[in-house]
Amino acid sequence: MKFLVTGAAGFIGFHTALRLCRTGHEVLGVDNLNDYYSVELKLARLEQLRGLANFGFIKLDIADREAMQVLFREHPIDRVIHLAAQAGVRYSLDNPHVYADANLTGFVNVLEGCRQNGVGHLVYASSSSVYGMNAKVPFSIEDPVDNPISLYAATKRANELMAHTYAHLYRIPTTGLRFFTVYGPWGRPDMAPFKFTKAILEGKPIDIYNGGDMSRDFTYIDDVVEGLLRIQDCPPPYSDESDQTRQAPPARLFNIGRGSPVKLLDFVGCIEAATGVKAIKQMKPMQPGDVPQTWADVSALAKRTGFCPATPLNEGVARFVDWYRSFYGVRP
């Protein structure tokens with residue numbers, strides 16, 4: 001089967017493409033290699049993929065409508081895993097147009113490519129950010145998500161609605177995945193696991209927001225990829241309702257999280273244990289756009305795929321720290 005993986009030089013995209021190639025699929029990866037974070041890290045990920053005979057890469061901006069049309073026209077695709085996006089909650093406060101281009105215009109271009117070329121299933125990245133300040137925990141896909149508190153979250157919720165609309169109008173099977181704080185080897189430098197590890201190993205202070213009264217549902221990258229690939233193999237069914245006005249569109253949403261939130265200070269403790277270095281903590285107030293907690297209800301994922309993320313946090317953090325030391329040449 002031939003897959004298009006957008007954001008193939010990104011953290012989740014790289015691991016997804018690698019896993020697909022290793023299981024015998026053909027993968028076409030695209031990425032615009034922007035400088036939101038280290039281009040060198042993105043290129044290093046791509047180097048791991050370029051050595052695989054069943055991987056091809058095209059540097060391309062998904063917001064470029066003409067280029068996307070050519071891509072779909074010239075490269076027959078069976079399924080699309082759409083992971084390209086402008087990420088980051090805080091960055092969206094100062095750079096709103098980047099999010100509109102990548103996350104809205106880019107997503108329309110992906111949807112149109114799927115519609116015009118008969119793609120069998122579109123799986124796309126959403127985010128736990130869509131839950132906003134939801135006080136009910138754990139967060140369920142049945143919960144209302146009408147009050148995003150960042151532009152990033154708003155674009156991700158918009159993606160879910162756009163996908164639902166295309167599924168309704170054109171019967172394109174779509175599945176959105178709300179990722180919960182993904183971490184692990186080759187992770188993003190703008191996220192807490194990377195920033196904390198780097199600072200701790202360099203003997204620099206780390207910022208702890210909201211006085212440490214925060215928790216996150218940290219999810220190890222291998223678990224995320226396993227859930228993603230199982231979901232892509234389960235396209236939403238078409239409704240057999242004869243009345244078109246009552247047909248349920250082939251669109252689904254799932255949470256992918258560990259299902260076990262961890263206090264931020266406990267997470268820092270795992271990094272301290274893995275590095276053997278005590279963190280220097282600077283307590284800071286809550287940041288705009290941040291939420292105090294995330295916690296995934298993964299029962300729908302388990303029911304659909306028979307899989308629940310299960311990597312213990314201390315093991316996942318230790319693997320990340322080992323990768324970080326190796327990649328950046330940091331001695332134990």
Let me know the shape class of the stretch 1-84, please: from the alpha-carbon gyration tensor, a ≥ b ≥ c as square roots of the eigenvalues, rounded when a/c is under 1.5, otherwise prolate if a/b is greater than b/c, or oblate. oblate
Average projected area [Cα convex hull, the stretch 1-45], square nanometres: 2.8
Taking a ≥ b ≥ c as the square roots of the Cα gyration tensor eigenvalues, with a/c under 1.5 meaning rounded and otherwise prolate when a/b beats b/c, else oblate, which class fits the stretch 286-332? oblate
Assigning unit charges at the beta carbon (Lys, Arg +1; Asp, Glu -1) and nothing else, what dipole magnitude in debye, to the nearest 20, does the chain show about its Cα centre? 580
Percent of Cα-Cα pairs more than 34 Å apart in the chain, please. 21
Rounded to a whole number, what % of the accessible area of the chain do carbon and sulfur atoms account for, probe 1.4 Å? 50
Solvent-free Debye scattering, log10 I(q)/I(0), computed from the Cα coordinates of the stretch 26-68 at q = 0.25 Å⁻¹: -0.93
Determine the calculated [θ] at 222 nm for the chain from helices alone, applying -39500 (n - 2.57) to every DSSP H run no shorter than 4 residues and normalising by the residue count; nearest 500 deg cm²/dmol. -12000 deg cm²/dmol
Is the stretch 42-111 rounded, prolate or oblate when judged by the Cα gyration tensor, a ≥ b ≥ c being the square roots of its eigenvalues, rounded requiring a/c under 1.5 and prolate requiring a/b larger than b/c? oblate
For ARG50 and HIS75, what does the FRET efficiency come to when R0 = 22 Å and r is the distance between their Cβ atoms, rounded to the nearest 0.05? 0.80
First select every other residue whose beta carbon is under 10 angstrom from the beta carbon of PRO173; then total the charges, Lys and Arg +1, Asp and Glu -1. +3
Which loop-located trypsin sites (Lys or Arg not before Pro) does the stretch 135-187 contain, where loop means any DSSP state but H, G, I, E or B and the Cβ has at most 15 other Cβ atoms within 10 Å? LYS136, ARG171
Exactly which trypsin sites (Lys or Arg not before Pro) in the stretch 14-113 are in a DSSP loop and have at most 16 other Cβ atoms within 10 Å? ARG90
Mean shadow area (nm²) of the C-alpha convex hull around the stretch 7-164 is 9.9
Quick one: Karplus J couplings for the stretch 26-40, per residue in order, coefficients 6.51, -1.76, 1.60, θ = phi - 60°, nearest Hz, x for Gly and Pro? 8, 10, 10, x, 10, 6, 8, 6, 6, 9, 3, 9, 2, 5, 4
In the stretch 171-189, whose amide N lies under 17 Å from the spot 7 Å out along Cα-to-Cβ of ASN210? List them in ranges. 180-182
Heavy-atom accessible area per residue, the stretch 185-332, 1.4 Å probe: how many Å²? 48
If N is the number of residues in the stretch 229-332, what value comes out of its Cα radius of gyration divided by 2.2 N^0.38 Å? 1.59
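The values are calculated or read from the model by the stated rules, or taken from the named source; none is laboratory data. Predicted model only: the values in this text are computed from it and were never measured. Note that each Cβ is placed from the backbone with ideal geometry, even for glycine, and that neighbours are counted across all protein chains shown. Keep in mind that these areas ignore ligands, DNA and RNA; they rest on the heavy atoms of the full protein, side chains included. Shrake-Rupley method; radii C 1.70, N 1.55, O 1.52, S 1.80 Å.
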